[in-house]
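Down below is the structure, laid out as structure tokens.
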Amino acid sequence: MTRKLFGTDGVRGRANTYPMTADMALRLGAAAGRFFRRDTSREHRVVIGKDTRLSGYMLENALTAGFTSTGMNVFLLGPVPTPAVGLLTPSMRADVGVMISASHNPAEDNGIKFFGPDGFKLSDAAEAEIEDLVSGAVEPAQAENIGRAKRIDDGRFRYVERVKGTFPAGLTLEGLKVVIDCANGAAYRAAPEVLWELGAEVIAVGVSPNGMNINDGVGSTKPQAAAEKIRETGADVGICLDGDADRVILIDETGAVADGDQVMALLAARWAEEGRLTGGKLAATVMSNLGLERFLAGKGIGLYRTAVGDRYVVEAMRAHGLNLGGEQSGHIVMTDYATTGDGLMAGLQFLAEMVRTGQPASALARSFDPVPQLLKNVRYGVGQTPLELPQVQEAIAEGEARLGEQGRLLIRKSGTEPLIRVMAEAEDEALMMAVVDEIVGAVEAAV
């Protein structure tokens, strides 16, 4: 079964434009409700969270209508991080969890992500079945069996307590001054609460959402705001989350940025030293830097590479018995604690290492020297397929030949935006830049 609605992270698009319309959200809710409500002898539940986008109200109501029409009882969590939905779905014995968010995308976009009853994101096969139901007729529940909707006020509190429980017992954040950038998104209340309750002096950035300013000049994709705040206040470290708080970028006391690869390197080495890195491997995507792979090898740690997308990382982790994985972009998955990437939990693990070792963030955030890497994006129009064109394929083949064994080339379509991503790695930076620019030029000429 092929999928047309679902990308690498749920259904996503511009709000009020297909497929992010109220009508499609209603149909998705009804389809998912019918998919999960297979035993009519018991109560069926769905928990729905969202970030702070204005369109979240519209999509939340439409999804609620769809689910209740099939007899599902809906529990509305309000603004909570994506990992909170993954945690609360099994905790509340729900059949399905839904997060309304477009993650790091601008406020005009939105998305719908589904979690199964185990708290993990759905497989490709399950999403394909839901798509089939969307395109067909979903049988509604009888009038007496229509579901109810209820707003849950303690969802954030439950999540905050779970996150705090992942911080090592006996340690405290007292004496640490921490900048936390919540991207005006889903963690704008939870993240500062967690850090303060663990003892930190908290300097909050991006905690004034208005429905249209999520990820706007703040957050993990715009770490400059937090870096400036660190330099201004003399803070010890910065934690930058994205709009739904499932990814993290760290900033040291000098304002230097550390990506997900550096966080994974630190945690993998530490966990391996403690004998708690299951399988002796880390799972990361094909985008992770070659420097990470070399660092891990030097520590006797393996690297299992996956397709791009945190759920593919999780699938690999579950299949191979691994408990640590993630993406260069900042998704850090620790299945001992959570079912998906959790930026706040990952940030706490980094802070714990600062406390345990007494070292500054700058000493911990640079475990390896990255191999020079360049990523450029080319936007394409609806219906265009530039990667299938002969001239683009020829440019890619020429680039691969020029790099040879000196580097690595990765060309792919984004699963969340209409972008072609062109990435190359090579010790020879001039060669790397030339190869990327030639391929980008070929793609731009094709669109």
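The values are calculated or read from the model by the stated rules, or taken from the named source; none is laboratory data. Because the structure is predicted, anything quoted here is derived from the model rather than measured. Neighbour counts are summed over all protein chains in view; Cβ atoms, including those assigned to glycine, are modelled from backbone coordinates with ideal geometry. For accessibility, only protein heavy atoms count, side chains too; no ligands or nucleic acids. Shrake-Rupley method; radii C 1.70, N 1.55, O 1.52, S 1.80 Å.
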| task | Go through (1) of a type outside the set (S, T, N, Q); (2) in contact (Cβ under 8 Å) with a residue 40 or more places away in the chain; (3) assigned to a helix (DSSP H, G or I); (4) closer than 28 Å to residue 263 by Cα and name the single condition residue 405 misses. | result | (2)
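Look at the range 26-64 and say how many of its residues are touching a residue at least 24 places away in the same chain (Cβ under 8 Å) and part of a helix (DSSP H, G or I).
Residues meeting the conditions: 20.
Could you tell me how many of the residues in the range 259-307 are of a type outside the set (A, V, I, L, M) and closer than 22 Å to residue 361 by Cβ? I'd like the intermediate steps shown before the answer.
Taking the range 259-307 and keeping what is of a type outside the set (A, V, I, L, M), we get 259-262, 270-271, 273-276, 278-281, 285, 288-289, 291, 293-295, 298-300, 302, 304-306.
Within this subset, residues satisfying the condition of being closer than 22 Å to residue 361 by Cβ are 259-262, 270-271, 273-274, 288-289, 291, 295, 299.
Number of matching residues: 13.
Going through the range 96-106 one residue at a time, which ones are in a loop (DSSP other than H, G, I, E, B) and open to solvent by less than 10 Å² (accessible area, probe 1.4 Å)? Even if it seems obvious, please write down each step before you answer.
The initial filter retains those residues of the range 96-106 that are in a loop (DSSP other than H, G, I, E, B), namely 101-106.
Within the range 96-106, 101, 102, 103, 105 qualify.
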| message | All but one of (1) closer than 28 Å to residue 285 by Cβ; (2) aliphatic (A, V, I, L, M); (3) crowded, with 24+ Cβ neighbours inside 10 Å hold for residue 20; state the number of the condition that does not hold. | response | (3)
| task | Return only the number of the condition from (1) under 30 Å from residue 237 (Cβ atoms); (2) of a type outside the set (D, E, K, R); (3) not in a loop (DSSP other than H, G, I, E, B) that residue 395 does not satisfy. | result | (1)
| task | May I ask you to say which residue of 204, 245, 227, 235 is part of a helix (DSSP H, G or I) and either touching a residue at least 12 places away in the same chain (Cβ under 8 Å) or small (Gly, Ala, Ser) (or both)? | result | 227
| In the range 30-65, residue nearest to residue 110 (Cα to Cα) [restricted to those that are surrounded by fewer than 24 Cβ atoms within 10 Å (Cβ to Cβ) and touching a Gly at 6+ places or on another chain (Cβ under 6 Å)] | 54
| said: Suppose we filter 431, 410 for residues that are surrounded by fewer than 19 Cβ atoms within 10 Å (Cβ to Cβ), within 27 Å of residue 7 (Cα to Cα) and hydrophobic (A, V, I, L, M, F, W, C); which single one remains? | reply: 410
| task | Could you please find all residues in the range 138-192 being closer than 30 Å to residue 39 by Cα, open to solvent by 50 Å² or more (accessible area, probe 1.4 Å) and not basic (Lys, Arg)? | result | 139, 140, 142, 143, 144, 145, 146, 149, 153, 154
